[in-house]
Each structure stands twice: as structure tokens, then as C-alpha cells.
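Novice: Just passing along the structure, written as C-alpha cells.
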Amino acid sequence: MSCIFCRIVKGEIPAEVVARESDVVAFLDVQPLADGHVLVVPQAHAAAIEDLEPVAADALFRTVTRLAGPVREALGAAGTTIGINNGDATGQTIPHVHVHIVPRWPDDGAGSVHTIFPRKTSRALSDVGKAIRKAAGS
Ligand code: 5GP
Ligand code: ZN
């Protein structure tokens, strides 16, 4: 098996594990963006969030929700930025779904999620909404 996060889940590669639950493992990022940078991963391999089984998605978000407060408190942080790089084009480097929880402080020099994007848009909200509702069957 070549997936590095599957190997961490199985204990074949060492990691600083902070939570191990029935469907989810959380461990420290080996190259942290800030002290307390945690990765939360489903135990079952899935490359993209769209590939997650509903039960795995539920468990993943439950663990993220459960850990957000303790991570913030343990590091004395003011908040956390929580995000997923979902697909090659987004900068995802490990093709096993993982949620980043990164502690934040008021003057830490990092931006919000909005700062990732140059805000290039061309379509009306109504057109985009219609297209997404059609694709989602909603
Ligand atoms: P991505 O860019 O795919 O969203 O994030 C992958 C993250 O995994 C990176 O922040 C990287 O530092 C982390 N990472 C890569 N290899 C390992 C590893 O072997 N162990 C741990 N703990 N983290 C890793
Ligand atoms: Zn995997």
C-alpha cells in the first residue's frame, strides 16, 4: 500500500496521533503551518471528499467539530482555520481526504480563506445557482 495516510492510519508509519476513533484518525502535520496544526483523516481511503461514504463523512466532520475547541485551547489560540484542499488543482498533495485544523492568533500574519482567491468571476449568481441546483438535483 503506497498511500502515506493509510499507512499512518494502520500505524505502519509513525505520527503524533491526537485522536483515534472508529472511522477517523487525527494527527499532527509533520510540517506544521502553526503549532498545533492537526490533520483529520477518514480511516477508509478516499481521494476526494466526493468519494466519501456518508458514514465516513459524518464521522470526519464529527471529529473535526470535537477537536476544534481542544486544539484551540491546548495552544492558547484565538481561533482555528479549518480547510480541505480537494483535488490536484487545489494544491492537494496527499490523495487521501484530510481536514486541516490550524490554530490562529490575531497577529499571526496569515489571512482568511478569502485571501486564497484573486476573485475572478464572470457569471451572474442566478445562473450559477441554477446550474448547481440542476447538478445537485435540488
Ligand atoms: P495537502 O497539501 O494535501 O492539503 O496537505 C498535506 C499535508 O500533509 C501537508 O501539510 C504535509 O505537511 C502533510 N504531510 C505530508 N506527509 C506527511 C507525513 O508523512 N506525516 C504527517 N504527519 N504529515 C504529512
Ligand atoms: Zn489512503
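Novice: Sorted by packing (mean other beta-carbon atoms within 10 Å per residue), highest first, where do 94-102, 37-45, 12-20, 76-84 land?
Specialist: Details: 94-102: 20.2, 37-45: 21.8, 12-20: 13.3, 76-84: 15.4.
So the order, starting with the most tightly packed, is 37-45, 94-102, 76-84, 12-20.
Novice: Could you give the angle, 0 to 90 degrees to the nearest 10, between helix 125-136's Cα long axis and the longest principal axis of the Cα atoms of the chain?
Specialist: 60 degrees
Novice: Give the long-range amide H neighbours of VAL18: residues separated by 5 or more places, or on another chain, with amide H under 5 Å away, using H modelled in the peptide plane at 1.01 Å from N.
Specialist: It is ALA26, PHE27, LEU28, by chain and number.
Novice: Note the per residue figure in Å³ for the convex hull of the C-alpha positions in the chain.
Specialist: Roughly 143 Å³ of hull volume per residue.
Novice: Now, a different point. Would you kindly derive the ³J(HN,Hα) couplings of region 32-40 from the backbone phi angles with the Karplus curve 6.51 cos²θ - 1.76 cosθ + 1.60 (θ = phi - 60°), listing them in order in whole Hz, with x for Gly and Pro?
Specialist: Going residue by residue, I get x, 6, 7, 4, x, 5, 10, 10, 10 Hz, with x marking Gly and Pro.
Novice: Whose amide H sits under 5 Å from the amide H of ARG104, counting only residues 5 or more places off or on another chain, with H placed in the peptide plane?
Specialist: Under 5 Å from the amide H of ARG104: ALA78, GLY79, THR80, THR81.
Novice: OK, next. Whole number in Å², please: accessible area per residue of region 1-111, 1.4 Å probe, ligands, DNA and RNA not counted.
Specialist: 56 Å²
Novice: Along region 111-123, what does the Karplus equation 6.51 cos²θ - 1.76 cosθ + 1.60 (θ = phi - 60°) give for ³J(HN,Hα), rounded to whole Hz, x for Gly and Pro?
Specialist: After applying 6.51 cos²θ - 1.76 cosθ + 1.60, I find x, 8, 3, 4, 6, 5, 9, x, 6, 9, 9, 9, 10 Hz.
Novice: Using the Karplus curve 6.51 cos²θ - 1.76 cosθ + 1.60 with θ = phi - 60°, work out ³J(HN,Hα) for each residue of region 57-63 in order, rounded to whole Hz, and write x for Gly and Pro.
Specialist: 5, 4, 5, 4, 6, 4, 5
Novice: Considering only DSSP states other than H, G, I, E and B, which trypsin sites (Lys or Arg not before Pro) in region 55-130 qualify as loop sites with at most 15 other Cβ atoms within 10 Å? Before the final figure, lay out the partial values.
Specialist: Numbers: sites: ARG62, ARG66, ARG72, ARG104, ARG119, LYS120, ARG123, LYS130; in loops: ARG119, LYS120, ARG123.
Filter output for region 55-130: ARG119, LYS120, ARG123.
Novice: In nm, to one decimal, how far is the THR93 label point from the GLU50 one, both placed 7 Å along Cα→Cβ?
Specialist: Computed distance between label sites THR93 and GLU50 equals 2.5 nm.
The values are calculated or read from the model by the stated rules, or taken from the named source; none is laboratory data. These numbers were taken from a predicted model, which means no experiment stands behind them. Cβ atoms come from the backbone with ideal geometry, glycine included; neighbour counts cover every protein chain shown. Side chains included, ligands, DNA and RNA excluded: accessible areas come from the protein's heavy atoms. Shrake-Rupley method; radii C 1.70, N 1.55, O 1.52, S 1.80 Å.
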